[in-house]
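Notes follow once the structure below has been shown.
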Amino acid sequence: MATAPDVTRNPFTQTESPAVGVTIENLSKSFGTFEVLKDISFAVKPGEIFVLMGPSGSGKSVLLKHIVGLEMPTAGKVTVDRRDAAAEETREHVRMALVFQAGALFNSISVYDNLALYPREHRIGNEASIREKVMHALQILSLENAAQKFPSELSGGMKKRVAIARALVMEPQLMLYDEPTSELDPVMGATISEIIATLKDQYHVTTIVVSHDRDLALNIADRVGILMGGRLVFLGPPSELHEPKDPKVADFLHPKIDLQNPRFKQLET
Amino acid sequence: MRQLNNILEGFGSTILLLFRSIGYLPSLPRQFGRFVEQCYLIGYTTLPIVAILSFFIGSVLALQAGYSMQNFGAKQFIGSLVGLSMARELGPVMVAILLAGRVGSAITAELASMKVYQEIDALVTMNIPPVRMLVMPRLAAAVVMVPVLAIIANLVGWFGGAIVSKYTNFISIDPPAYFAALRRFMEFKDVANGLIKAEVFGLGVVLVCCNIGLNTRGGPREIGASVTRAVVTSLILILVLDYFVTKALM
Ligand SMILES: Nc1ncnc2c1ncn2[C@@H]1O[C@H](COP(=O)(O)OP(=O)(O)O)[C@@H](O)[C@H]1O
Ligand SMILES: [Mg+2]
């Protein structure tokens, strides 16, 4: 994709809706006796791009699920646009889209129908305008040829792009991505970063991205949070990531491959 | 104690699912395509096997009746015996059992896989109620199709009985005599009772199978476990309901 996606003339988010903020107050979450999130607090401002990083298993996906109301806090509170995220009505008032880590595409229907489901079910526009929206979203993610395919016929990276396209069609006010670039080639990864930044610049979409992609974090994030062992160990602008004070954070961001003293051997002793 | 708890919980959530589905009934016209698709699926997957099984059940009923009645000279009642047994009991129960095995298991497998692969979560975040889109059209289709299947089962079963009655040498009753007996002791009420039973069983089976599918937790292995549980629960439910509905309709 040589040219940057032409999001200006796109039909997404033409409905003017004010951006929404997200607050997380003393959030803790346990599964049984296993505490995944430990007393986490931060706020994402309306229209901000917040990038959440952290080792796998640190609870990033669980945190995103709290924001869309798929998980209930054990303690603490999450609000979206000052409404309780755990309440069902919140989704009636705020359009949120979550790009799941594994895509979560509807396997029994085609890619086109996956994208068209939201506007059809919510009766937004006629079939012609839905078609325009869907085809435009597919085009942005270089998926025009996949429209009639089924999810089982797609590669991992394609599924991820379909999931992003499906979220774009929803014209969300709050967009959450769970590792959007993890299975993509570098150019497509850059394209996704551009899309995220463009949506924010032109349409003021509040965005939370879970990602290990340092380029993405450094280039488009307004702020970065790092989650480790269920705690927020870093919160600040991406510029501070160049020289982090915490040695654990430094090792996470710039791991050195040390063949003389490999990490897996350190664990044994 | 925990098991009792599970049973009560399952019972409660199934009833809740029924009420929520009824609440979404007004969206049926707009989901007409899905409804028709489910009707087709129920009919298409169960009709052949319903026909084959009811033919043989009707046949074996006539055979057994003829065998035990030959010494009493009561052979002319074979038609009524086959007619009543099919209409009041065996037709509805057989349709419900086949529905559980063919349609119910498929419903649970599909919904459980949607749950495990987060498709249900995706629907929830898109503010599309899974019950409206996935459960209500299936229930409505069952309500329409199950009585149709039960009527077909009755007709084929009666017909099977007639053929056996004619061509078995220790019975040899001609079809006109067989059907005359069938009509003589059977009232419309008997057939209607059977259809009501079929309707209750069909609704129960689809509800249970949807509920177990939607409440699946864990990974792919749990999909199989859910299907087994859905079919076993459905079979128990059919036989328990059979007693109570029969009693209530007496
Ligand atoms: N539904 C669940 N039940 C039990 N444990 C869970 C559940 N979901 C996540 N976990 C656990 O929570 C931890 C964090 O998971 P997750 O948020 O997916 O990590 P990541 O940061 O890689 O996205 C993991 O140890 C995982 O095993
Ligand atoms: Mg994750």
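Within region A:234-245, the presence of at least one residue that is exposed (fewer than 15 other Cβ atoms within 10 Å of the Cβ), modelled with pLDDT of 85 or more and over 26 Å from A:H66 (Cα atoms) is confirmed.
One line per residue, one yes/no per condition, for (1) under 18 Å from A:K160 (Cβ atoms); (2) of a type in the set (F, W, Y); (3) outside the structural domain of A:D215 (by TED's automatic domain parsing):
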site: A:S58; (1), (2), (3): no, no, no
site: A:T74; (1), (2), (3): no, no, no
site: A:E89; (1), (2), (3): no, no, no
site: A:F100; (1), (2), (3): yes, yes, yes
site: A:L138; (1), (2), (3): yes, no, yes
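Looking only at residues in region A:61-100 that are hydroxyl-bearing (S, T, Y) and without any contact (Cβ under 8 Å) to a residue 60 or more places away in the chain, the one that is surrounded by the fewest Cβ atoms within 10 Å (Cβ to Cβ) is A:T74. Taking the numbered list (1) more than 12 Å from chain B (Cβ to nearest Cβ); (2) under 17 Å from A:P180 (Cβ atoms); (3) of a type in the set (S, T, N, Q) in turn, A:Q148 passes all entries but (2). Comparison of B:I49, B:I97, B:I57 shows that the only residue that is closer than 25 Å to B:V200 by Cβ and free of Cβ contacts under 8 Å to residues at least 60 places away in the same chain is B:I49. Restricting B:M114, B:M145 to residues that are within 11 Å of chain A (Cβ to nearest Cβ) and of a type in the set (A, V, I, L, M, F, W, C) narrows the list to B:M114. Residue count for region A:87-109, restricted to those that are more than 12 Å from the chain's Cα centre (by Cα), more than 16 Å from ligand 2 (Cβ to nearest atom) and of a type in the set (G, A, S): 2. Considering A:E183, A:E171, which residue is within 16 Å of ligand 2 (Cβ to nearest atom) and either assigned by TED's automatic domain parsing to the domain that holds A:A85 or more than 12 Å from the chain's Cα centre (by Cα) (or both)? Of the residues listed, the single one that is within 16 Å of ligand 2 (Cβ to nearest atom) and either assigned by TED's automatic domain parsing to the domain that holds A:A85 or more than 12 Å from the chain's Cα centre (by Cα) (or both) is A:E183. From the list A:L98, A:L70, A:L64, the one residue that fits, being in a loop (DSSP other than H, G, I, E, B), within 12 Å of another protein chain (Cβ to nearest Cβ) and within 21 Å of A:G21 (Cβ to Cβ), is A:L70. Criterion applied to A:E48, A:E25 was being surrounded by fewer than 22 Cβ atoms within 10 Å (Cβ to Cβ) and over 25 Å from A:D215 (Cβ atoms), and the one residue passing it is A:E25.
The residues on offer are B:L81, B:L63, B:L123, and the sole one that is free of Cβ contacts under 8 Å to residues at least 40 places away in the same chain, in contact with a helix residue (DSSP H, G or I) (Cβ under 6 Å, 6 or more places away or on another chain) and more than 14 Å from chain A (Cβ to nearest Cβ) is B:L81. Elements of the type helices (runs of 4 or more DSSP H) sitting completely within region B:1-112 and holding at least 2 residues that are crowded, with 16+ Cβ neighbours inside 10 Å and within 14 Å of the chain's Cα centre (by Cα): these cover B:32-69, B:91-98.
Candidates B:V131, B:V156: the one that is on the phi < 0 side of the Ramachandran plot and within 14 Å of chain A (Cβ to nearest Cβ) is B:V131. Among the residues of region A:129-144, is there at least one that is more than 13 Å from chain B (Cβ to nearest Cβ), of a type outside the set (V, I, T), closer than 22 Å to B:L111 by Cβ and more than 17 Å from the chain's Cα centre (by Cα)? Checking region A:129-144: not a single residue is more than 13 Å from chain B (Cβ to nearest Cβ), of a type outside the set (V, I, T), closer than 22 Å to B:L111 by Cβ and more than 17 Å from the chain's Cα centre (by Cα). Every condition in (1) away from chain B (no Cβ under 14 Å); (2) assigned to a helix (DSSP H, G or I); (3) out of contact with any Asp or Glu (no Cβ under 9 Å at 6 or more places or on another chain) holds for A:R166 except the one numbered (1).
Looking across region A:42-59, the residues that are at negative phi, small (G, A, S) and within 16 Å of ligand 1 (Cβ to nearest atom) come down to A:S56, A:S58.
One residue stands out among those in region A:174-207 that are within 16 Å of ligand 1 (Cβ to nearest atom) and crowded, with 23+ Cβ neighbours inside 10 Å: the one that is nearest to the other protein chains (Cβ to nearest Cβ), which is A:L176.
Quick check on A:G103: is it in a loop (DSSP other than H, G, I, E, B) and either within 12 Å of another protein chain (Cβ to nearest Cβ) or acidic (D, E) (or both)? It is true that A:G103 is in a loop (DSSP other than H, G, I, E, B) and either within 12 Å of another protein chain (Cβ to nearest Cβ) or acidic (D, E) (or both).
The values are calculated or read from the model by the stated rules, or taken from the named source; none is laboratory data. This one's a predicted model, so the numbers in the text were calculated from it and none came from an experiment. Positions of Cβ are backbone-derived with ideal geometry, glycine not excepted, and every protein chain shown enters the neighbour counts.
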